[in-house]
DNA sequence: GCTTGACCCTCACGTCGCGGCAGGCCGGAG
DNA sequence: CTCCGGCCTGCCGCGACGTGAGGGTCAAGC
């Protein structure tokens, strides 16, 4: 029930120096000392340290942690609830970042560039300035920049032409399927959805069925992607999204 | 296409000082300067800054970020893939922490204490020491500590007795349902599952149907919780878990 | 042409959360 | 009694900026 600094450090995965520091700033002072001046920690100290570690892990400054832990109106259960909320919030934020990365990957794949503002949106809310004022320039005229980044991506010109040919071929075939009235859950449409996924895997990044259906939803939710598909054929975004979902389900 | 420090700082949500710092350590030097010595950033600089921000957000030291970004063998697409992987990894870690919090909440609810080692398990892998050597002492004899923490939780003695009565009543009724052979997806069992959830909500923490089914899985996966329910009645852990799932489905 | 205020520059010192080492005092095993 | 590992208290250093101080720059309005 009583532990030395070393023991505490080991079990809590912190260094002895850290415990000294916490003692110095009175964030966590051991409940007692031995005659020789050795720090003695008890179970309550360990519990406090666990909470400290938790908030620290989430990036809270030590001073704030002290305020949280010394708040007399918060019982232990409240701390657990708060931690639970914090975690789910963080997870949500990270999932948004994942979504942003997937957007970036798809934007790259479609040779569609993002404005600087869009590229940083993931890191927080934008102050509702103009924002879409200069939205026109995101579609055009940066051909030179595109070419340069394309070179940087490590593809040779021939690779790129081959990919473009495959992509064009696929485009033609899905437009044919759409205009000929084949339902989006038909075997043919599903096969085209699967080909779409394979195209991504071969040329860009590993795209599981889960990620693929995520993309499908994105095509509908994000006007930039919807617009991209709509320029190929009206109704294509929705058709493709449905086919992707049907394909994913039938492969599960 | 050309930005001043202030403009970059605004769009990237960093301070001017940070940009100065990145310039000092040559992590991100503006592509040019004006005659007066003003820093001028271009789109490529912004792209680099975006990556820097990303890795920084995930806690990477600047030096390492420089190494990652200056690695000539990594094309832009590879960065996106890497970032995607990093994020999903982080999410996984946070979800484990959520699970640990839920365990802690349930452990608290059941008056079951965790050993110090268990309490810190969430923060990383344990070196496979003895670990369960002294597992016996986690079940017993810390009555005094329990009482003290219970007081700290803000419940009065009467509150606690009322809760205990409710809990005992529920215990009796679910054991009756189990032994009388009522199927776990019967209306009666589902009602008892719902009561279980309400009991948690009233006395401990907000427990959605989602969290509730999470608990059900935990009762089966974690021997500590299984053992707890088994001591009340053999087969109860499984029965309750099934009833909780059935209840959650029928409420969805 | 001149002021004014917002923006930019370069030092340079301060802060936070420790890491790491020096120099010295315990404490139990042999 | 003597080790060796562990503990103690300074104290300096570092990474990633924050925060002025002291001074030049630029576009807008008079």
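Overview of results
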quantity: Residue B:103 vs. criteria more than 9 Å from every other protein chain (Cβ to nearest Cβ), out of contact with any strand residue (DSSP E or B) (no Cβ under 7 Å at 6 or more places or on another chain), part of a helix (DSSP H, G or I) and over 30 Å from residue A:8 (Cα atoms); calculated: no
quantity: Criterion: modelled with pLDDT under 95 and either in contact with a strand residue (DSSP E or B) (Cβ under 9 Å, 6 or more places away or on another chain) or assigned by TED's automatic domain parsing to the domain that holds residue B:20 (or both) - qualifying residue of B:44, B:66; calculated: B:44
quantity: Residue within segment B:62-71 that is surrounded by 14 or more Cβ atoms within 10 Å (Cβ to Cβ) and within 15 Å of DNA strand C (Cβ to nearest atom) present; calculated: yes
quantity: Within segment B:1-45, tally of residues that are crowded, with 19+ Cβ neighbours inside 10 Å, away from DNA strand D (no atom under 11 Å from the Cβ) and within 16 Å of residue B:66 (Cα to Cα); calculated: 2
quantity: Members of segment B:11-27 that are more than 9 Å from DNA strand C (Cβ to nearest atom), within 14 Å of chain A (Cβ to nearest Cβ) and on the phi < 0 side of the Ramachandran plot; calculated: B:11, B:12, B:14, B:15, B:18
quantity: Residue B:155 being within 14 Å of chain A (Cβ to nearest Cβ), modelled with pLDDT under 80, surrounded by 12 or more Cβ atoms within 10 Å (Cβ to Cβ) and under 28 Å from residue B:243 (Cβ atoms); calculated: yes
quantity: Residues (assigned to a helix (DSSP H, G or I) and over 17 Å from residue A:63 (Cβ atoms)) located in segment A:1-37; calculated: A:5, A:6, A:7, A:8, A:9, A:10, A:11, A:12, A:16, A:17, A:19, A:20
quantity: Complete set of residues in segment A:82-111 that are more than 20 Å from residue B:89 (Cβ to Cβ) and modelled with pLDDT of 85 or more; calculated: A:82, A:83, A:84, A:85
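The values are calculated or read from the model by the stated rules, or taken from the named source; none is laboratory data. No experiment lies behind these values; they were computed from the predicted model shown. Cβ sites come from the backbone with ideal geometry, for glycine too, and all protein chains shown count toward neighbours.
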